[in-house]
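Since the structure comes first, as structure tokens, the remarks are kept for the end.
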Amino acid sequence: MNYFRENIEKAKGYQPGFQPKQTNVVKLNTNENPYPPSPAVLKALAKIGPELLRRYPDPVGDEFRRAAAKVNAVQPENIMCCNGGDELLTMAFRAFCDENRPVGYPVPTYSLYPVLANLQNCRAIEVPFDAEFNLPAKLAHTGASLTIVCNPNAPNGSFISVDELASLADELDGVLLIDEAYVDFAEENCTALAKELDNVIILRSMSKGYCLAGLRFGYAIANTGLIEGLMKVKDSYNVDAVAIAAATAAIKDQKYFKETTEKVKKERKELTDKLRQSGFEVPDSFANFVLAENKNYKASDIYDKLVQRNIYVRYFDLPGLSNKLRITVGTKEQNDKLISALQQIVSG
Ligand SMILES: Cc1ncc(COP(=O)(O)O)c(C=O)c1O
């Protein structure tokens with residue numbers, strides 16, 4: 001018997017990056033932050049008592065909304081908490097897309113977008129980036145109800161300017177969701193567009209810049225009309241009490257956040273330089289990962305040889321990516337282990 005809707009039956013589902021069980025590995029495959037979260041997070045967790053767990057959480061996470069509003073210079077009503085940035089993407093597909101309302105996005109990009117389009121049974125209009133990952137002019141004219149631009153883009157780390165995204169939002173008839181999961185490692189962000197324009201939603205994640213991938217917390221920034229509409233789509237208690245407390249502590253500790261993201265940016269530069277010196281082509285990245293290619297070696301072979309050495313990076317067998325490896329920026333020690341393994345592999 002086939003109990004599922006036809007598109008679910010046919011769907012492959014999202015393939016998350018491999019999570020090795022061993023701990024003695026160099027894990028540079030899922031863009032986690034290599035540093036621990038702020039000590040303020042652990043203090044907040046230590047304070048959690050039975051009463052907080054017995055009761056349902058605040059359905060909208062006002063404590064976090066106030067803290068995030070302050071950091072982004074918006075009002076709490078412009079913030080919506082979600083169970084990871086991924087949940088905001090699910091909500092946006094549910095809210096704006098259906099059989100007659102397609103989604104549009106440039107490719108290659110985050111591989112979750114087509115999976116969600118398929119689950120929602122909406123057409124995905126994929127507009128290819130050029131070789132330099134410039135914003136494709138055609139993206140403004142797809143007729144999509146929801147357009148998504150990942151900025152910095154995954155899996156290459158390129159950055160599209162705020163002005164270009166402002167023009168895109170102006171030209172579109174539908175909603176523009178700017179996926180800023182990695183923006184904490186860039187120099188600018190698009191918060192101003194969410195304040196000024198009525199069709200822009202910004203996605204933020206606490207997984208990357210705030211070192212909390214295990215917590216599952218992200219948030220949206222948008223005008224109150226869009227936030228109120230998205231609230232109708234969310235689960236009643238989409239973020240739990242423990243997560244609200246921990247994420248609030250993390251976002252309040254801006255000093256730790258700035259120090260940590262600066263460390264990642266410094267290591268990103270060193271990793272990029274060393275990869276280039278080792279014969280890899282690596283475009284400049286504004287995220288916490290780099291995309292590397294060595295034209296003399298098959299990326300899939302390098303990947304296998306790294307796995308034999310307990311080093312995990314990400315390989316996508318997809319058009320435009322099949323000879324490239326996406327490497328998360330790790331600690332100096334992790335990056336050095338990777339570089340010496342790569343040097344052995346390409347000289348051997
Ligand atoms: C481009 C992009 N957007 C959004 C997310 C969602 O992040 P999270 O659900 O961990 O907040 C990710 C996670 O890897 C991502 O790569």
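Given the conditions (1) in a helix (DSSP H, G or I); (2) within 20 Å of the chain's Cα centre (by Cα), report the number of the one that Ser158 does not fulfil.
Of everything listed in (1) in a helix (DSSP H, G or I); (2) within 20 Å of the chain's Cα centre (by Cα), Ser158 misses just condition (1).
Considering only the stretch 68-88, state which residues are under 21 Å from the mean Cα position of the chain (by Cα), over 13 Å from Asn238 (Cβ atoms) and assigned to a helix (DSSP H, G or I). Please lay out each step first, then the result.
So the first thing to find is which residues in the stretch 68-88 are under 21 Å from the mean Cα position of the chain (by Cα), and the list is 68-69, 71-72, 78-88.
Cutting the leftovers down to over 13 Å from Asn238 (Cβ atoms) gives us 68-69, 71-72, 78-79.
Residues satisfying the conditions are Ala68, Ala69, Val71, Asn72, Asn78.
Mind listing whichever residues of the stretch 264-304 are in contact (Cβ under 8 Å) with a residue 60 or more places away in the chain, among the charged types (D, E, K, R) and assigned to a helix (DSSP H, G or I)?
Within the stretch 264-304, Lys265, Glu267, Arg268, Glu270, Lys274 meet the criteria.
Looking only at the stretch 4-39, count how many residues are of a type in the set (Ser, Thr, Tyr) and touching a Gly at 6+ places or on another chain (Cβ under 9 Å). Don't jump to the end; show me each part of the working.
Residues of the stretch 4-39 of a type in the set (Ser, Thr, Tyr): 14, 23, 30, 35, 38.
Remaining after also requiring touching a Gly at 6+ places or on another chain (Cβ under 9 Å): 30.
Summing the residues that are of a type in the set (Ser, Thr, Tyr) and touching a Gly at 6+ places or on another chain (Cβ under 9 Å) in the stretch 4-39 gives 1.
Only one of Asn78, Asn100, Asn121, Asn83 is more than 16 Å from the ligand (Cβ to nearest atom) and closer than 14 Å to Leu203 by Cα. Can you tell me which?
Asn78
Let me spell it out: the conditions are (1) within 16 Å of the ligand (Cβ to nearest atom); (2) assigned to a strand (DSSP E or B), and Tyr110 meets all of them except one. Which number is the exception?
Of everything listed in (1) within 16 Å of the ligand (Cβ to nearest atom); (2) assigned to a strand (DSSP E or B), Tyr110 misses just condition (2).
Which condition does Ser347 not pass, out of (1) surrounded by fewer than 21 Cβ atoms within 10 Å (Cβ to Cβ); (2) closer than 22 Å to Ala154 by Cβ, if it passes all the others?
So the condition that Ser347 fails would be (2).
Report whether or not Thr142 is more than 16 Å from the ligand (Cβ to nearest atom), in contact with a strand residue (DSSP E or B) (Cβ under 6 Å, 6 or more places away or on another chain), within 29 Å of Phe289 (Cβ to Cβ) and of a type in the set (S, T, N, Q). Spell out the reasoning first.
Working: more than 16 Å from the ligand (Cβ to nearest atom): yes; in contact with a strand residue (DSSP E or B) (Cβ under 6 Å, 6 or more places away or on another chain): yes; within 29 Å of Phe289 (Cβ to Cβ): yes; of a type in the set (S, T, N, Q): yes.
Yes: the conditions hold for Thr142.
Take residues that are farther than 20 Å from Ser205 by Cα and at pLDDT below 95 and tell me which of the helices (runs of 4 or more DSSP H) falling wholly in the stretch 3-55 contain 1 or more.
Hits in the stretch 3-55: 6-10.
Within the stretch 47-70, restricting attention to residues that are of a type in the set (A, V, I, L, M, F, W, C) and within 16 Å of the ligand (Cβ to nearest atom), which residue is nearest to Ile221 (Cα to Cα)?
Step by step, filter the stretch 47-70, then rank; the result is Ala68.
What about Ala181, is it small (Gly, Ala, Ser), surrounded by 24 or more Cβ atoms within 10 Å (Cβ to Cβ), in contact with a Cys (Cβ under 9 Å, 6 or more places away or on another chain) and in contact (Cβ under 8 Å) with a residue 60 or more places away in the chain?
Yes: the conditions hold for Ala181.
The values are calculated or read from the model by the stated rules, or taken from the named source; none is laboratory data. Keep in mind it's a predicted model, so treat the numbers as computed, not measured. Neighbour counts are summed over all protein chains in view; Cβ atoms, including those assigned to glycine, are modelled from backbone coordinates with ideal geometry.
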